[in-house]
Amino acid sequence: MDRRVPTIGSEEIDLYIRTYYSLLRTTSEVQIKTLEEVHSLMKSSLHLNAREVQPDLSAFIYSSLRLPTCTLEVDRVILGQSVDVFRSAGFGDITLWNRVHARARRRRAYYDGEGTMATFIASGSDIDDLIPMLTAFQIEWNKLHTQLQGEQVKKFLQESNHEEDDVAMLAESSGIRTADLLQLWELWGPEFWQTIAAIAADVKKFKVRLLSGSLNDYRKATQVWWQNVQSHALSFDRPVYFVSSNTHSLINLLTGSALREESALVEFMHLSQQKELLEEWDDIQAKNVPSSRENFLYYALKKYASINKGTELLETLGADQEAIGIRRIQSEYSFDLETQLIELSALRIEWLDPRLRRDDLELLQSSNALIFNIDYPLGMAAYLILTHLASQVGNVLGVYIMGKSATLNGVVGDVMIPSVVFDEHSKNTYLFQNCFSAVDLRDDLIYGTVLDNQKAVSVRGTFLQTPRYMDVFYREGYTDIEMETGPYLSAIFEMFRPKRHPENEIVNLYGLPFDLGILHYASDTPLSKGKNLGAGSLSYFGMDPTYASSLTILKRIFDLELVRIRSAEPSIVPQEFA
């Protein structure tokens, strides 16, 4: 095997990264305009048409979904790791500003209402994610601005009471494709005309300032997160199963709340006239489709909880979680990362999702183990969190990583199980025994295919990929692209070896003293036309791979814990599961 993965096609990416990190070293603000040329020359898979005159709406929409809506008004972005960092830089208590959110990216941010947005970063991966996103957003905003400068367009925009039917007229007068404007109409909804007017009114000139960016600063931010977790919990001097997944699937499977609220959820679908959902529900009831009844109800619960009428049901769900010892801890004063602590001994067997039932589960009542679940972090934050957590808890019995990825050989909804991971951060190629195989998901994955024995690449950022670069990986057999697994494996190396993880080596992780399982479900197919890395949402059909993966992880934990309890050897993973 070659010592390193080939780097053909990465030169432009490396140049881009070196450029923005060198600029951000300054103590003053950096104009994003200085990055536009090197950004465009990279020819990112997400922004192939950056240099074209015609707007690249795919890149613009991708960026818009992952930036807070206030970005339309923002001209200055300040990056820092904690409240204290912002305060020390003279910004006062930014938590008094307006908390702002993006639709498709978890990142704590505050807006002062006067053009400045303060954004928390957990690691360098947030920089690798944010800077290209802001650059793409600015490039495409300014293209749209240019095309909206005609006198006919200006006169048209000054008129009031525009409707969707007027979009075609705007397209004709501006030269922007009607299909592109309709995408923006769907994205912005009632704010479409107001937003178009804002774009027409002025060019975008982002300025960015990084307050501090040392590894020590990121470690301090991680410590702030951990202190908040500690303040809400019991002692962590106990066996722990660490899971990196999401904030909903494990909770839904363990509480079974949606299954007990079936009548309320069906009534909600009728009252709100959710036609597509009702049709799917009728087909499930009639067994016309193989879709999971349980997964459907979990999705309906999410829909119901998002409206005002769902408040009472949310209170019921909270009471259910408290009744079985589940603590949900929101982060404060640092990066945005929910933590869930699940006491195995407090679970109610009769509440569990039926697919989790097995013999002797009542033995869990004597367990002293804890499931420590976090909402999967971005990139290198995974390394910082796991290395810190491992030094603070008792014996780690298992590490399970579940998350979205792009696939170069499958389709959306497939689940990939890697046994080799190349990490762009450390340049290491990690070899390991994945405790999961295709047979483990066979009964629970209905629509997708399970692809085990795969090779994955942990990339630095979604924009930091080019077709040429991905083609090199594909030719080398790497078919699974994501952002967290490599950093997690670097942390795992340090959990059982007496030194820091190496760099640019082939690293053998066989023989771990704890269980390791990694599951990636495909949300994107970047080698297909119109399917960019991270571009879409899985929506309802994403429930299939998400819950198949979550079920597999929980079954594994239950089986391991039952054997551990029977064997009365709390620190040893039984050989039959090694």
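Every read-out reported here was derived from the displayed coordinates using simple, explicitly stated rules and does not represent laboratory data. The shown structure was predicted, so the numbers you read here are calculated from the model rather than taken from an experiment. Glycine gets a Cβ as well: all are built from the backbone with ideal geometry, and neighbour counts include every protein chain shown.
Below is a table of values for the structure above.
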{"read-out": "Average projected area [Cα convex hull, the chain], square nanometres", "value": "26.8"}
{"read-out": "Within the chain, percent of DSSP bridges classed antiparallel, to nearest 5", "value": "35"}
{"read-out": "Ranking of R357, R105, R51 by count of other Cβ atoms within 10 Å, fewest first", "value": "R357, R51, R105"}
{"read-out": "Where chymotrypsin sites (Phe, Trp or Tyr not before Pro) fall in DSSP loop in the range 461-506, at most 11 other Cβ within 10 Å", "value": "none"}
{"read-out": "The chain - mean residue ellipticity at 222 nm from DSSP helices (-39,500 (n - 2.57) per run, n ≥ 4, rounded to 500)", "value": "-12000 deg cm²/dmol"}
{"read-out": "Radius of gyration, Dmax [the range 247-373; alpha carbons; angstrom]", "value": "16.2, 50"}
{"read-out": "Solvent-free Debye scattering, log10 I(q)/I(0), computed from the Cα coordinates of the range 376-568 at q = 0.15, 0.17, 0.20 Å⁻¹", "value": "-0.90, -1.14, -1.51"}
{"read-out": "Under 24 Å from the Cα of K155 - lysines, other chains or at least 8 residues apart", "value": "K143, K204"}
{"read-out": "DSSP-assigned coil residues among trypsin sites (Lys or Arg not before Pro) in the range 202-308, each with at most 11 further Cβ atoms within 10 Å", "value": "K287"}
{"read-out": "Debye log10 I(q)/I(0) at q = 0.12, 0.18, 0.22, 0.24 Å⁻¹ for the range 17-125, Cα point scatterers", "value": "-0.49, -1.07, -1.41, -1.48"}
{"read-out": "Volume per residue that the Cα convex hull of the range 61-145 spans, once the total is divided by residue count, Å³", "value": "88"}
{"read-out": "Candidates per chymotrypsin sites (Phe, Trp or Tyr not before Pro) in the range 349-387, loop by DSSP, up to 15 other Cβ within 10 Å", "value": "none"}
{"read-out": "Residue pairs, from the table K207/K302; K427/K499; K303/K455; K43/K220, whose Cα atoms sit over 28 Å apart", "value": "K207/K302; K303/K455; K43/K220"}
{"read-out": "For the range 298-424: rounded, prolate or oblate by the Cα gyration tensor [a/c cutoff 1.5]", "value": "rounded"}
